[in-house]
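The values are calculated or read from the model by the stated rules, or taken from the named source; none is laboratory data. Note that the structure is a prediction, hence the values are computed from the model and not measured. FYI the Cβ positions are ideal-geometry reconstructions off the backbone, even for glycines, and counts take in every protein chain you see. Calculation scope for accessible area: heavy atoms of the full protein, side chains included, ligands and nucleic acids excluded. Shrake-Rupley method; radii C 1.70, N 1.55, O 1.52, S 1.80 Å.
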Amino acid sequence: MYGIAAPIALIMGIGMWWLPPSPRWLLLSAAQGKASVDALRHEAISALSRLRGSQINRTAVESEVNESLISLQLDREGQGKPTFSEVFQGSSLRALRIGAGLVLFQQITGQPSVLYYAASILQSAGFSAASDATRLSVFLGIFKLLMTSVAVFKVDQLGRRPLLIVGISGIVLSLFLLVTHYSFSQGYPILAVISLLLYVGCYQVSFGPISWLMVSEIFPLRTRARALSIAVLVNFASNAIVTFSFAPIQDLLGAASTFSCFLVVGLVSLFFVIYYVPETKGLSLEEIESKLLNN
């Protein structure tokens, strides 16, 4: 069974040979004097042009690369080594609140529970045969992949905030339907299936990919490594808490009350995104940092 994933891993490994080097890494190497500045700058321009595609003007790419290189050089020359306390100051703290908040809500809206326990949820919803519930879980996984593809192809066209707001609104609606199902209509298992499909679809166009995309964008260059580490810690810690607490809480409160709690958290997360999360579409890392600093 586990061997089925081996061909996919092999394809990914082969595909890595065609990936260009990170333009940001090349410019950082240039700022650190690891090689010729001009050579690394031209390589960064080529890599960024390849990543952006033919629709981007080369002059605009060169301008962005030059601005980023100057910013990195000034940051390296004007300041010493960053300290851990800087993560909790100024624009770094604002970015940390947004990044940690996104990955926290990504988990505590119930994602680990809904996906990890999909088969048991479907069984309790009326699909008596475990094999039927398992097949539906596999279908959910395929549907999850398809909806992630939608986010990948539309995120730069529609923006991060619209996808988050629409997706979280759908998550809230799906959780409401799950609460309704467990409270009033357990004789209609199709409602549970629709709710799970809606939850998975909306999650995969919002919290699933967009949270990690924004976490990679919003942290200032100087404190990026430490801030990212904190955000990842928050993500895995909250994932573990929700995963291990779901079954005991469901046994204690019942399914309807458990999903009601997730519903409330979903509403809070929607408020958080609307009022605190900025749009980063089309902005360079320096422009995002400036936006957070001036907000």
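List of remarks:
- Residue among T223, T280 that alone is of a type in the set (S, T, Y), at pLDDT below 85 and open to solvent by less than 10 Å² (accessible area, probe 1.4 Å): T223
- Pairing each residue of the range 14-41 that is in a loop (DSSP other than H, G, I, E, B) with any residue that is modelled with pLDDT of 80 or more and of a type in the set (S, T, N, Q), provided the two are 6+ apart or on different chains, yields C-beta distances under 8 Å for P20/S46; A35/S29.
- Residues that are hydroxyl-bearing (S, T, Y), over 21 Å from F272 (Cα atoms) and not in a helix (DSSP H, G or I) within the range 181-214 comprise S185, Y188, listed in sequence order.
- Of the residues screened, S238 is not one that is assigned to a helix (DSSP H, G or I), open to solvent by 40 Å² or more (accessible area, probe 1.4 Å) and touching a helix residue (DSSP H, G or I) at 6+ places or on another chain (Cβ under 9 Å).
- Test: residue in the range 204-225 that is farther than 26 Å from E286 by Cβ and in contact with a Phe, Trp or Tyr (Cβ under 9 Å, 6 or more places away or on another chain): yes
- Set R76, R97: member being modelled with pLDDT under 75 and either open to solvent by less than 90 Å² (accessible area, probe 1.4 Å) or part of a helix (DSSP H, G or I) (or both): R76
- Scanning the range 215-227 for residues that are part of a helix (DSSP H, G or I) and touching a residue at least 40 places away in the same chain (Cβ under 8 Å) turns up V215, E217, I218, L221, R222, T223, R226, A227.
- Selection of first residues in the range 140-153 that are farther than 9 Å from G201 by Cα and free of Cβ contacts under 8 Å to residues at least 60 places away in the same chain and of second residues that are in a helix (DSSP H, G or I) and not polar (S, T, N, Q), restricted to Cβ pairs under 8 Å at least 6 apart or on distinct chains, gives the following pairs, ordered by first then second residue: A151/L163; A151/G208; A151/P209; A151/I210; V152/P209.
- Scan of the range 45-71 for residues that are in contact with a helix residue (DSSP H, G or I) (Cβ under 6 Å, 6 or more places away or on another chain), touching a residue at least 24 places away in the same chain (Cβ under 8 Å) and either among the hydrophobic types (A, V, I, L, M, F, W, C) or in a loop (DSSP other than H, G, I, E, B) (or both), ordered by number: A47, L48, V65, L69
- Residue check, G33 more than 26 Å from the chain's Cα centre (by Cα), farther than 30 Å from E67 by Cα and among the small types (G, A, S): no
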